[in-house]
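Here the structure comes first, spelled out in structure tokens, and everything after it is commentary.
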């Protein structure tokens with residue numbers, strides 16, 4: 001049985017009302033707007049901030065600004081596409097709280113499964129990349145400890161953060177991350193102005 005949902009801008013989407021996607025328990029509306037913005041900003045900036053000094057050292061000031069601007073444009077484009085996909089979700093499919101939900105709404109159960117696999121593999125790869133980058137950069141600061149040991153230290157440090165379940169809890173970590181990013185930017189900028 002197929003119904004059609006009309007969206008505000010006139011786009012019509014076909015969907016099947018008999019499809020049910022896996023539902024999970026979500027806490028909705030427990031995060032303030034500023035905390036949500038901090039979390040999304042930190043997510044959009046991503047791992048690139050860890051390599052910010054290396055980008056400027058490799059590309060120079062002009063090249064570094066160009067690379068970061070391109071990264072910001074790509075992130076903005078991706079976020080806009082994601083917003084449109086969520087906004088065009090038919091109300092009968094329910095809200096999309098996760099990438100898996102969005103994949104399921106767009107492509108059915110196979111889309112939900114495929115998106116879950118891709119998201120989990122990507123997040124695992126990002127975690128591994130972050131640990132390697134942190135280990136490499138910390139080894140430069142404290143060369144007496146090997147990179148592998150630093151990776152283990154950082155992994156143990158981050159284990160408690162994996163148990164954060166709601167955006168309310170994540171927002172505190174995001175706020176600390178934003179302060180860290182701004183501090184790093186100030187240090188890199190002042191060092192560049194002083195040293196040249």
Inter-label distance for residue 54 and residue 147, nm, one decimal - labels placed 7 Å from Cα along Cα-to-Cβ: 0.9
Rank by packing, highest mean first: peptides 108-121, 88-101, with packing defined as the count of other Cβ atoms within 10 Å averaged across residues. 88-101, 108-121
Percent of Cα-Cα pairs more than 14 Å apart in region 47-88, please. 56
Ranked highest first by average number of other Cβ atoms within 10 Å, how do 127-135, 58-66, 76-84 line up? 127-135, 58-66, 76-84
All-pairs alpha carbon distance profile, region 95-172, 10 Å steps from 0, percent: 17, 30, 29, 17, 6, 0
Return the distance in nm (one decimal) between the two label points of a simple spin-label model at residue 190 and residue 84, each offset 7 Å from Cα along Cα→Cβ. 4.3
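Coordinate-derived values only; no laboratory data. This is a predicted model, so every value here is computed, not measured. Note that each Cβ is placed from the backbone with ideal geometry, even for glycine, and that neighbours are counted across all protein chains shown.
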